[in-house]
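Structure first, commentary second.
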Amino acid sequence: QVQLVESGGGLVQPGGSLRLSCAASTSRFSILVMAWYRQALGKQRELVASITRDGITNYSDFAKGRFTISRDIAKNTVTIDLQINSLKPEDTAVYYCFTGPPNMWGQGTQVTVSS
């Protein structure tokens, strides 16, 4: 059973930075893909960025240049970080960590960009 625990969200001013972190613990390490998604109020959940176990990254167009996904793999724990720079009000959303297989979601962490 994989458990995901997210942290790092909060209120930040436009132009600021945040680092989101997701700790995935499992007794049977089979994770191949890790990702961050986000869902703004009234909108569908969308992919921000993904990274494979081998470190291959993929970014949605809006995330290129300002978002950086990284992962650190230990024996039974994987940490997936998302660095967000030059935050904009339109980045306001609940950010969700995802790992698979098996497909698992974190509880979400709120990011609010406002002055």
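Under the criterion of Cα pairs below 8 Å and six or more residues apart, the relative contact order for the chain equals 37 percent. Could you name the aspartates and glutamates whose alpha carbon sits less than 16 Å from that of Lys88, not counting residues in the same chain fewer than 8 places away? Within the straight-line limit of under 16 Å, Lys88 reaches these aspartates and glutamates: Asp61. The GNM of the chain, with springs linking C-alpha atoms under 10 angstrom apart, assigns the highest mean-square fluctuation among Gln83, Gln13, Gln44 to Gln44. For Thr92, the residues whose modelled amide H falls within less than 5 Å of its own, excluding neighbours fewer than 5 places apart on the same chain, are Val113.
Using the 1.4 Å probe convention, the accessible area of the chain works out to 54 Å² per residue with neighbouring protein chains retained. For the range 54-93, the fraction of 1.4 Å probe accessible surface lying on carbon and sulfur atoms is 44 percent. Considering the dipole of the chain built from charges on the beta carbon (Lys and Arg +1, Asp and Glu -1) around the Cα centre, which of Asn103, Ser17, Thr68 is farthest to its positive end? It is Asn103, whose Cα lies furthest towards the positive end.
The dipole here belongs to the chain: it is taken about the Cα centre, uses +1 on the Cβ of Lys and Arg and -1 on the Cβ of Asp and Glu, and is about 120 debye.
The values are calculated or read from the model by the stated rules, or taken from the named source; none is laboratory data. This structure is a prediction, so every number in the text was calculated from the model and none was measured. Note that each Cβ is placed from the backbone with ideal geometry, even for glycine, and that neighbours are counted across all protein chains shown. Just the protein is used for accessible areas: all its heavy atoms, side chains included, with ligands, DNA and RNA removed. Shrake-Rupley method; radii C 1.70, N 1.55, O 1.52, S 1.80 Å.
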